[in-house]
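Structure first, then comments.
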């Protein structure tokens, strides 16, 4: 089977957030090749990674890396400016946008954030949204309440819920079951909570919502090969049809139109 990692963050200089993690692109590609991971979403984070670097690294490995632009809606004064900026990202050749309210320190339900997600859908792009919403200096709603509002405010945008809400995974399961434009992603959570009670929840999710679940590593914090090994373990008793959807099929469908027009 093919394997499509939902979330990797290589950087041109290999540095990652003032941590010891090695984020070099060649390290990522070597692990993908050695571990049998076929494709990955190369996802930017606004004010951490430059979008031009994201696009350049992805284009160096066409068909293997899918460029997702980091986007900070709080850096714009108006929702109209947000919409114009998202449209420019679409024209530049990106396959989606990524919102990270914790790093960029804004309310995930700010009108500009909702405008960004809505504009992504209008441009035919999915919105990747980090669901680790808690912030040191800002009180936020429960992740399920945020996602519930987001899903209803942006019904025409395919939204990838990165990390699946972590410990709020089962609450997001119920929302994923109700809304077919939501995809619940297990990156980071898959390995961060290994051998915890959350593993049972992830098995349940894979068994009962396979058409809206995907997996990933969150490289450089975890390696694609390790994420592949873990998802194989969690889905070992599932039919191949369910496993294919989780391993690659759901992301293949999400990016089908982008792959058709992407340079080779």
Review point. Given (1) within 24 Å of residue 213 (Cβ to Cβ); (2) buried (at least 16 other Cβ atoms within 10 Å of the Cβ), where does residue 89 come up short, assuming only one miss?
Key: (1)
Review point. How many residues, within region 108-140, are more than 18 Å from residue 163 (Cα to Cα) and either free of Cβ contacts under 8 Å to residues at least 40 places away in the same chain or in contact with a strand residue (DSSP E or B) (Cβ under 8 Å, 6 or more places away or on another chain) (or both)?
Key: 16
Study note, to complete from the structure: Restricting attention to region 15-56, the residues that are touching a strand residue (DSSP E or B) at 6+ places or on another chain (Cβ under 8 Å) and in a loop (DSSP other than H, G, I, E, B) number exactly 10
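For region 57-75, name all the residues that are in contact with a strand residue (DSSP E or B) (Cβ under 9 Å, 6 or more places away or on another chain) and under 14 Å from residue 93 (Cα atoms). Can you show your working first?
Step one: of region 57-75, the residues in contact with a strand residue (DSSP E or B) (Cβ under 9 Å, 6 or more places away or on another chain) are 57-59, 61, 63-73.
57, 58, 59, 63, 65, 66, 67, 68, 69, 70, listed by residue number.
Please enumerate the residues belonging to region 102-133 that are assigned to a helix (DSSP H, G or I), touching a helix residue (DSSP H, G or I) at 6+ places or on another chain (Cβ under 9 Å) and either modelled with pLDDT under 95 or under 20 Å from residue 215 (Cβ atoms) (or both).
As a first pass, look at region 102-133 and keep what is assigned to a helix (DSSP H, G or I): 102-104, 111-122.
Remaining after also requiring touching a helix residue (DSSP H, G or I) at 6+ places or on another chain (Cβ under 9 Å): 104, 111-120, 122.
The answer is 104, and nothing else.
The values are calculated or read from the model by the stated rules, or taken from the named source; none is laboratory data. Fair warning: this is a prediction, and the values are worked out from it, not measured in the lab. Neighbour counts are summed over all protein chains in view; Cβ atoms, including those assigned to glycine, are modelled from backbone coordinates with ideal geometry.
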